[in-house]
1. Which pairs, out of Lys174/Lys207; Lys7/Lys134; Lys16/Lys165; Lys134/Lys188; Lys134/Lys165, put more than 23 Å between their alpha-carbon atoms?
2. Taking Cα atoms of the range 140-220, Rg/Rh with Kirkwood Rh, to two decimals?
3. Using 0.36 nm per residue of separation minus the Cα-Cα distance, give me the extension gain between Asp138 and Asn202 in nm, one decimal.
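Just so it is clear, none of the values below were taken in a lab; they were calculated from the coordinates. These figures come from a predicted structure and were not determined experimentally.
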Amino acid sequence: MIVSRRKSFVFFAIPKTASSTIRRTLADFHDAPREFPPHTLPEYFFRETVNEDYSGLYRFTFVRNPYDRLFAQFLEREKHIKETETYLRNEGDFNRIVRNELELLNCPAFTRVWADFGYSPHHQMHYWTHKDNKLLVDFVGYQERFDRDFSALCERLDLEIEEIKNANIKSEIKPPCDPLNMKLADYKYLHEYEPETLSLVNERYRKDFELFGYSMIRPADLNRLPGDGERT
C-alpha cells in the first residue's frame, strides 16, 4: 500500500490488479512514518492506526475481473509452490489446483500451501473495499481501463506523474475495454478455464461480481471463445 500525508491519500493494493505498477509509480509519495505490508486490508490498517490521524485521507484501490485475476495469481504463485505436494500431485495444472482449493478452501492442506504468503490468493476483492456492505474507499478503478482511471485519479489528487512504472507484466497487455460490458475477447486468460472451474469461480466470487459490476460468464459460453490464433 501507499500512504501519503503530503498528498492526502492511501492506496489499498489488491493483488493482481496492477497493484505493483501503482505502488512503483506512486512510491515517491509514500511518507507514512512506518511501513505496512503491500496488501494490507483497510480494516487492519485503520485498526493499527487508530491513534494516528488518517481519517481524512482519500482512499482508493483498483479491481480486476475475477477470472483474469485468479489466473494471474496462479502464475505469480506457481513458481513458489512447485515443490509442494499439491503442485506435484496435480502436475501444476491450473484447473485441478484451483478446483481443489476452491472446493476445500478451509482444509488444513490449503492453509499449509499458502501460509507463507501472508494472505490467501483466493481473497475476494471486496475484502479491501467493503465492510458489512458499506463502501470503505472513495474511488474504485478498473484494471481493464487502467490508463483512463489512473489518469482521472492523478488529476483528482493533483499528482504529477512522469511515467507509469509497469511491473509484473508477464505477457502482452490487452487493449482497454469497458469492464462493465466485457466481451469474451476482452478477457486475457479465460481460455485457460474449464467449465467446472468457471462455475466454482462464479460461486466463490459472487459478491465481487455483484459489487463491482462484472458479468458472470456461463460455462457453456467457453465454447464461443475465439480460436487459439486469436488469443493473447
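1. Numbers: Lys174/Lys207 25 Å; Lys7/Lys134 25 Å; Lys16/Lys165 15 Å; Lys134/Lys188 30 Å; Lys134/Lys165 32 Å.
With Cα atoms farther than 23 Å apart: Lys174/Lys207; Lys7/Lys134; Lys134/Lys188; Lys134/Lys165.
2. Over the Cα atoms of the range 140-220, Rg/Rh equals 1.03.
3. Numbers: separation 64, 0.36 × 64 = 23.04 nm, distance 2.64 nm.
Net length gain for the segment: 20.4 nm.
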